[in-house]
């Protein structure tokens, strides 16, 4: 508990230091000035596309739990919008816990099922971001041929994980069945593995939804970035990917402030983008992200909640 509190405090301190340093060395009014050049139409279109990426994320969850009789796409969209808000604003990724909580409340889906599903989604997200980053970095620095040699095995990594999961599940299930005294840890591992993709169709569908979601999200965020600074579109892609990857850091600023910008800037420096321009692009992109997150949460609250099943169970 002490370690967690220290991390939260560190995140708040990082955010405050970042805000002060930006004001001292650049000035917030000057940093935010590019917003005056954006049209309301461009902002509206950008936010609409971001919401479309949220909808694709909801489709991934909806499709994954399609066998659950009470699941609805509208309620799942609400869950995704709220989960995204909690994830961005609750320190140290504690907001991830909101997903299984919301799935339990709206659909009465247990943690033992929603938890492994979330872990699978996050694994696919990380794999996709690293793959796209590898392709772009490789194109610029090591050549197309070597990049493809590296990227193809990495692309196939989820397939190997899926095959390993299926083999491990069969092995552990048989071993567990032959045990005279059942091992609780073994039972837990089996439960987790059972709630990873159950068949190849489910596996490939969740993978396709992930790729589509990130292609849309990175595309629109990169377009937003180049509205603030004059950089190559693919370089903006790298910055956007790096910004998202900072969420896996053990410690990051409150709402990502400071660490998100550092990741974006660091990724663009090798492409010749100077730190000052990178700061302008990173900060304003981050503000756009947080703004879209808040709007998404407000929109989510307006979507009717499907809590009938959970509430009926509680009443009984």
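Here, each number is a calculation from the coordinates, and none is a lab measurement. All figures in this text were calculated on a predicted structure; none of them were measured in a lab. Cβ: placed from backbone, ideal geometry, glycine included. Neighbour counts: every protein chain shown.
Tabulated results
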{"quantity": "Packing-based ranking, highest mean first, of 81-88, 123-130, 20-27, 223-230 given that Cβ atoms within 10 Å are counted", "calculated": "81-88, 223-230, 123-130, 20-27"}
{"quantity": "Top of 111, 56, 41 by mean-square fluctuation, Gaussian network on the chain, Cα under 10 Å", "calculated": "41"}
{"quantity": "Separation of alpha-carbon centers, the range 68-113 and the range 207-262, rounded to whole Å", "calculated": "23 Å"}
{"quantity": "Volume per residue that the Cα convex hull of the range 54-177 spans, once the total is divided by residue count, Å³", "calculated": "150 Å³"}
{"quantity": "Pairwise centroid distance, computed over Cα atoms, of the range 151-170 with the range 125-141, Å", "calculated": "19 Å"}
{"quantity": "Value at 222 nm in deg cm²/dmol, rounded to 500, when DSSP H runs of n ≥ 4 in the chain each add -39,500 (n - 2.57)", "calculated": "-26000 deg cm²/dmol"}
{"quantity": "GNM flexibility winner over the chain from 255, 117, 299 (Cα, springs under 10 Å)", "calculated": "299"}
{"quantity": "Packing rank of 61-71, 256-266, 209-219, where each peptide gets the mean count of other beta carbons within 10 Å, highest leading", "calculated": "256-266, 209-219, 61-71"}
{"quantity": "Most to least packed among 29-40, 275-286 [average Cβ atoms within 10 Å]", "calculated": "275-286, 29-40"}
{"quantity": "In degrees, nearest ten, helix 40-64 long axis to first principal axis of the chain (Cα)", "calculated": "20 degrees"}
{"quantity": "Neighbour-count order for 246, 48, fewest beta carbons within 10 angstrom listed first", "calculated": "48, 246"}
{"quantity": "Sorted by Cβ neighbour density within 10 Å, fewest at the top, the residues 221, 196", "calculated": "196, 221"}
